[in-house]
Amino acid sequence: MSDLETAWDRIHRWLAAHAPVVLASLGPPATDEHLQRAETEMGVVLPDDVKACYRIHDGQRVIPTPVSYWPDLKCAPSFLYGHRWHSLAGVTDYWHTLHDLRGEFAEVKGAPRGPIRKDWWHAKWIPLTRDSAGDLYCLDLMPLKRGHVGQVIFWYHDEPARGLLAKSLTEWLTQFSHELDRGEFTTAPDTHGPGLVRVRDL
């Protein structure tokens, strides 16, 4: 079993025991056609482990997620580090949105920590997740010299901070799976929605 498969096995088991609604939101596997379409639209080549990840689940999908204050709620509940994980279609849609905004923010620079470019947004940053505020976790396919192609970074929509989270998607998911097992995430549907939230944020 690969490191990626081991991480997903741990995530699946934890979600089944503690957050079945989040587990139910994980999409079916992406096809080679889905992956090729995403690469073509964004003009990138995705790392092998990213393709393997999406062949396990093509992000999340909207499902019924009833809570006491909203019995008819349907959404993709918060998942990866409290963010919603985009499907490949969602990745490309949001990539186009940010790509179209680059001209408006051409003079705005980021303040990165680590081997990350100073752009407000770069075309080789792939938006994997998004939270309710519009902040992202991204795949960085154009790092600086000391970085790694495919490293995971955070991106804030309203401030210049950028930072390195992991050298690869596999490393990032492995870290997440261990944090789940350490009890660092939980669900609090009646106060924080139907998805995952950090225990320290309650």
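Values quoted throughout were computed directly from the atomic coordinates according to the rules given, and no laboratory measurement underlies them. None of these values were measured; they are calculated from a predicted model. Don't worry about glycine lacking a Cβ; one is built from the backbone with ideal geometry, like all the others, and counts go over all protein chains shown.
Please give the residues of segment 50-75, grouped as numeric ranges, whose backbone N is less than 12 Å from a label point set 7 Å along the Cα-to-Cβ vector of residue 201. It comes to no residues whatsoever. Go ahead and set up a Gaussian network model of the chain, Cα springs under 10 Å, then flag whichever of 63, 126, 153 fluctuates most. Among 63, 126, 153, the largest GNM mean-square fluctuation belongs to 63.
Under the Kirkwood approximation applied to all pairs of distinct alpha-carbon atoms, what is the hydrodynamic radius of the chain in Å? Before the final figure, lay out the partial values.
Numbers: mean 1/r = 0.0574 Å⁻¹.
Radius from the Kirkwood sum: 17.4 Å.
Shown here for segment 94-123: trypsin sites (Lys or Arg not before Pro) in loop regions (DSSP other than H, G, I, E, B) with at most 13 other Cβ atoms within 10 Å, namely 118.
From the helices alone, meaning DSSP H stretches of at least four residues, give me the mean residue ellipticity at 222 nm for the chain, per-run term -39500 (n - 2.57), in deg cm²/dmol to the nearest 500.
On the way: 7 runs with 71 residues, N = 202.
That calculation yields -10500 deg cm²/dmol at 222 nm.
Straight-line reach from residue 118: taking Cα to Cα under 25 Å and skipping same-chain neighbours fewer than 8 places apart, the lysines in range are 109, 145, 167. Estimated at 0.36 nm per residue, the fully extended path between residue 6 and residue 159 surpasses their Cα-Cα distance by 51.6 nm.
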